[in-house]
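Notes for the one structure printed next.
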Amino acid sequence: MVKSRVRTVNRLIRVVGAFAVIAIVLIALWAARTRSAVRSARESFKETIQSAVTNPVGFAKARFTGGVGAVLLADPATGVPVIHNVVAGSPAEKAGLREGDHILQVDGVATSGRTLAQNVDSIRGFAGGSVTLTVQRSGSTNIQCVIYRSSWKNLGLPK
């Protein structure tokens, strides 16, 4: 009887010991992951500060200005901006803009008679700000869209 109790206690000690070892390993893995995440955040913060100090204009442009995420070309016949490409996940895509759409107005100002660069500059602006585009799509009437700009960094596009 005493031997069976000793065996039971020994088994219990081994099971508890095994669980303790597993718990220690899990805690160590969790701690390592947490330290790694903190270290990555700290390094990212340092890189952000360094970027702001070494190139303040580029830093501000990348984070505070942006666009709608559409690549424009001038229509050869009319000179009106035409959407050539829409960036996936961009505000332009969310607004329903498509390749081939003609932009007739930007914030109520006609795009005809202006250069492509002037029209692009009037679409760009502060990230989070909005721009109203009047768009003509073939086979439909004009569409008016209010689009909230996204920063260049979030769009993944060069400034």
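In region 105-132, what residues are surrounded by 14 or more Cβ atoms within 10 Å (Cβ to Cβ) and touching a residue at least 40 places away in the same chain (Cβ under 8 Å)?
Correct list: 116, 119, 120, 123, 124, 125, 127, 131.
Test each condition in (1) surrounded by 15 or more Cβ atoms within 10 Å (Cβ to Cβ); (2) closer than 30 Å to residue 55 by Cβ for residue 102 and report the one that comes out false.
(2) is the only condition that residue 102 fails.
Which strands (runs of 3 or more DSSP E) sit wholly inside region 50-89 and have at least 2 residues that are assigned by TED's automatic domain parsing to the domain that holds residue 125 and at pLDDT 90 or above?
Details: elements: 65-67, 70-74, 81-86.
In region 50-89, the matching strands (runs of 3 or more DSSP E) lie at 70-74, 81-86.
Within region 112-131, identify whether any single residue is more than 14 Å from residue 67 (Cβ to Cβ), more than 17 Å from the chain's Cα centre (by Cα) and in a strand (DSSP E or B), and answer yes or no.
No; the residues of region 112-131 include none that is more than 14 Å from residue 67 (Cβ to Cβ), more than 17 Å from the chain's Cα centre (by Cα) and in a strand (DSSP E or B).
How many residues does region 132-159 contain that are outside any helix (DSSP H, G or I) and either of a type in the set (D, E, K, R) or at pLDDT below 85 (or both)?
Going through region 132-159, the residues outside any helix (DSSP H, G or I) turn out to be 132-151, 156-159.
With either of a type in the set (D, E, K, R) or at pLDDT below 85 (or both) added as a condition, the list becomes 137-141, 149, 151, 156-159.
Summing the residues that are outside any helix (DSSP H, G or I) and either of a type in the set (D, E, K, R) or at pLDDT below 85 (or both) in region 132-159 gives 11.
The values are calculated or read from the model by the stated rules, or taken from the named source; none is laboratory data. In this text the structure is predicted, and so the values were computed from the model without any measurement. As a convention, Cβ positions derive from the backbone with ideal geometry for all residues, glycine included, and neighbour counts pool all protein chains shown.
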